[in-house]
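Peer 1: First the structure, then my questions, so here it is.
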Amino acid sequence: FQIFHHSTAKYFEDLRVSIIFGLNTLNGRTITRDYSAVGPWDFINSAALIGYTVDKNYSIYGWELGK
């Protein structure tokens, strides 16, 4: 998660903006001909991002779960 590193978090904090991350539930799933998503969601990247922000003590306003 080098894109979101300490200097970026500090910049957002200085601006007093709230950070909301969108987590995509289509990762690892297959899209069928009728555009349905089938199969299990691969949540590993999402869990890693959440863990990273917790470890760094970043203030995250919210998490959006969607597709």
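Peer 1: Of all residues in the stretch 38-67, how many are free of Cβ contacts under 8 Å to residues at least 40 places away in the same chain, touching a strand residue (DSSP E or B) at 6+ places or on another chain (Cβ under 6 Å) and not polar (S, T, N, Q)?
Peer 2: Going through the stretch 38-67 one residue at a time, the tally reaches 2.
Peer 1: If we keep just the residues of the stretch 9-44 that are part of a loop (DSSP other than H, G, I, E, B) and among the charged types (D, E, K, R), which is modelled with the lowest pLDDT?
Peer 2: Among those that are part of a loop (DSSP other than H, G, I, E, B) and among the charged types (D, E, K, R), it is R16.
Peer 1: Inside the stretch 40-67, can you point out the residues that are touching a Gly at 6+ places or on another chain (Cβ under 9 Å) and surrounded by 10 or more Cβ atoms within 10 Å (Cβ to Cβ)?
Peer 2: W41, D42, F43, I44, W63, L65 - these are the residues of the stretch 40-67 that are touching a Gly at 6+ places or on another chain (Cβ under 9 Å) and surrounded by 10 or more Cβ atoms within 10 Å (Cβ to Cβ).
Peer 1: Could you tell me which of the residues R29, R16 is touching a Pro at 6+ places or on another chain (Cβ under 9 Å) and of a type outside the set (D, E)?
Peer 2: That would be R29, the only listed residue that is touching a Pro at 6+ places or on another chain (Cβ under 9 Å) and of a type outside the set (D, E).
Peer 1: If you take the residues in the stretch 8-23 that are exposed (fewer than 14 other Cβ atoms within 10 Å of the Cβ) and touching a residue at least 40 places away in the same chain (Cβ under 8 Å), which one is farthest from L49 (Cα to Cα)?
Peer 2: Selected residue: E13.
The values are calculated or read from the model by the stated rules, or taken from the named source; none is laboratory data. Since we're looking at a predicted model, the values are computed, not measured. Please note: Cβ atoms are built from the backbone with ideal geometry, for glycine as well, and neighbour counts cover all protein chains shown.
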